[in-house]
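What follows is a single structure, written as structure tokens, with notes after it.
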Amino acid sequence: MTAMATAGDVGRASGRRERVAARLQQGGALVVVVVVTLVASLLFGGRFASVDNLLGILEASSFLGIVAVGMTFVIIGGGIDLSVGSLLALSAVLAAFGSQFGSVVAVALPLGVCGLIGLVNGLLIARARLAPFIVTLATLLFARGLAFAVSDEGNTIFRIDPDQAVIALGQGSIAGIRIPILLAGLAFVAGWVVLNRARYGTAVAAIGGNEEAARLMGLPIARVKAAMYVTSGLLAGLAGLLVAARSSSGQSTIGVGLELQAIAAVVIGGTLLTGGFGSIAGTLAGVLLLNVINNVINQVGTLSSYFQQVVSGVFLIVVVLVQRYLTREQRL
Amino acid sequence: MTATETAPAAQAPGRRRLLDLVAENGVYVGLLLLIAFNLLFTRRFGEIDNIRLQFVQVVPVAIIALGMALVIGTRGIDLSVGSVMAIASALLALYLGYGPVVAIAVALLGGAVVGLVNGVLVSVAGVQPIVATLALLVGGRGLALVLARGRLTEVFDPTLATIGSARVFEVPIVVLIALAVAVVIGILVSRTTFGRYLVAIGGNAEASVLAGVPVRRTLLTVYILCAALAALAGVIQTARLSASDPSFVGNLIELSAITAVVVGGTPLSGGRIRIMGTLAGAMLMQLIAATLITHNLPDSATRMVQAVIIVAAVLIQRQRGAA
């Protein structure tokens with residue numbers, strides 16, 4: 001009797017700790033963003049905390065953010081997508097190339113091709129059951145190669161004519177806010193709704209948590225997984241399209257290493273690389289954090305930009321160590 | 001369990017054995033076909049200068065792939081190798097004033113320290129290898145740039161120049177170094193308890209703990225070894241180019257090394273390490289690039305062909321796993 005009572009007490013106590021730990025893990029990145037932003041505002045005043053600078057941070061975050069939404073789903077589903085950086089470059093090149101045939105082609109061509117490559121990723125991973133890491137590594141090479149092939153080995157940089165409607169996607173604004181920021185916001189809201197309120201989101205988390213159990217529950221594993229990679233490809237394509245529209249050109253050399261930044265943002269946001277659990281809001285915080293740190297380091301004129309990489313690396317280590325500690329708490 | 005697995009095999013032993021044979025040796029078959037093609041259709045391919053060039057060019061990737069094969073054998077991965085190369089290169093240039101021996105020692109030691117951090121994060125803290133080494137990929141490259149103040153440094157030193165370009169019996173020293181590394185790693189994997197521990201951990205980490213395998217120590221050692229080999233590759237690259245440029249040295253080499261390992265037949269799921277296959281995989285990817293370039297196909301085609309080869313290789317291996 002007494003033994004059982006104590007066991008119950010321990011259970012209750014650890015339940016509370018567990019909830020605190022879970023909340024910290026989900027909201028930790030958000031807290032750090034707020035703290036870093038406040039400290040930077042105090043240190044640099046108007047130089048950092050001006051509307052222009054903050055909107056600049058949001059705009060810089062929007063491209064990575066759109067890619068990171070797709071990556072969050074892939075990682076929650078137990079996979080990984082290394083091809084997004086190359087897809088972004090391919091999309092930018094195709095958008096600029098396609099713009100000579102009109103704005104419709106400039107939008108449809110990159111999204112179509114990136115969606116298709118995402119589908120190839122999805123089929124090879126979901127149907128042929130190859131390892132996501134190696135499949136998307138191959139498409140990383142392939143998409144970059146295709147981007148080079150289209151642009152004459154990178155020697156041709158296609159320009160988008162200033163009077164093409166597609167330019168507005170990158171340079172236009174609604175109510176003073178740039179369209180990429182709005183689209184990124186839309187992607188995060190849609191991602192949140194799908195992950196937390198739609199059956200598809202539950203299926204992704206179930207598959208990432210325990211694929212065998214999900215199969216026994218009758219979930220259409222292959223279809224859900226393939227859709228994950230198609231979405232990730234399409235979002236990377238969208239980001240590339242926006243980059244092209246923003247800079248009025250498509251360069252085949254952009255986006256190298258973007259996949260790693262996206263993974264870092266997702267992990268900092270509290271999503272576990274083991275799959276099954278994650279948060280879109282956390283990813284938003286992760287993306288913002290990377291860009292705020294970047295911006296702050298630029299404000300400190302004396303620090304070389306290389307320190308940004310060192311700080312990001314150290315930061316990532318601290319975050320995963322804290323996460324590791326918190327998930328251990330949850331398991332207790 | 002065992003019965004159901006062996007039953008289909010008994011039904012079609014011939015077909016299965018053939019599939020197994022192809023899957024086991026696909027990388028060698030591919031390599032031989034490619035060499036045959038080149039001997040027939042590429043002018044000057046068989047000349048000693050060209051053969052030497054191909055070997056010299058594959059050395060950095062091959063050395064790193066050998067370390068990577070050990071890490072992948074434990075079901076891990078090391079994304080930080082390119083940044084470790086850059087750190088080693090920067091340290092080498094920085095400490096050259098104290099003589100080449102000191103400089104090389106510091107460079108290798110610097111790499112080993114990064115490996116130690118990787119190893120502690122993975123084995124003691126239990127962080128996933130891909131995240132731990134991603135952090136050091138990002139931070140390590142930054143550190144190398146900070147060390148070198150972001151500049152390219154020319155490296156003039158007779159000892160390093162000898163390492164970079166001299167030959168012994170017509171064989172370049174860097175190739176001999178790579179061969180020596182391959183022999184040592186090969187013995188380590190096939191003849192020592194350490195090698196058996198690696199495969200045991202990759203096969204089933206929890207069972208290994210229960211079986212008394214020193215999992216932590218083995219993982220620590222393997223990440224240190226992989227990083228030290230990456231540093232060695234960084235030293236060799238710097239010696240060959242007579243320059244240290246931390247923003248470019250080893251960029252994306254982690255992907256080439258992982259490709260060589262996987263194409264060579266070591267599965268990403270761990271539990272199996274193939275040293276000869278890894279070397280053949282590195283050479284295959286190198287020769288594909290060289291072949292396409294000499295036949296006037298652009299760099300973009302190289303990437304796309306390599307992508308197809310990677311998928312084909314894992315598909316064939318997958319066949320074997322499924323059979």
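Data table
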read-out: Helix-only [θ]222 nm of chain A, DSSP H runs n ≥ 4, -39500 (n - 2.57) each, per residue, nearest 500; value: -26000 deg cm²/dmol
read-out: Mean Cα-pair separation over length for chain B, i.e. relative contact order, pairs under 8 Å, 6 or more apart, %; value: 33 percent
read-out: Highest-MSF residue in chain B out of B:Gly212, B:Gly110, B:Gly67 [GNM, Cα springs under 10 Å]; value: B:Gly212
read-out: Likely footprinting exposure, B:Val261, B:Val58, B:Val113, A:Val230, fewest C-beta neighbours within 10 Å first; value: B:Val113, A:Val230, B:Val58, B:Val261
read-out: Rounded Å value of the spacing that divides the Cα centres of the range A:162-178 and the range B:39-102; value: 47 Å
read-out: Likely footprinting exposure, B:Ile177, A:Ile76, B:Ile48, fewest C-beta neighbours within 10 Å first; value: B:Ile48, B:Ile177, A:Ile76
read-out: Neighbour net charge for B:Gly203 - beta-carbon separation under 11 angstrom, K R +1, D E -1; value: +2
read-out: Alpha-carbon centroid distance for the pair the range A:248-297 / the range B:124-182, whole angstrom; value: 28 Å
read-out: Burial ordering of B:Met276, A:Met228, fewest other beta-carbon atoms within 10 Å first; value: B:Met276, A:Met228
read-out: Relative contact order (%) - chain A, alpha-carbon pairs under 8 angstrom, separation at least six; value: 34 percent
read-out: C-alpha center-to-center spacing [the range A:180-218, the range A:108-156] in angstrom; value: 23 Å
read-out: Mean separation of Cα contacts under 8 Å, 6 or more apart, over the residue count of the range B:200-323: relative contact order %; value: 20 percent
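Values in this text are rule-based calculations from the coordinates and carry no lab data. What you see is a predicted model; the values in this text were computed from it and never measured. Counting neighbours? That spans all protein chains shown, and the Cβs are built from the backbone with ideal geometry, glycine included.
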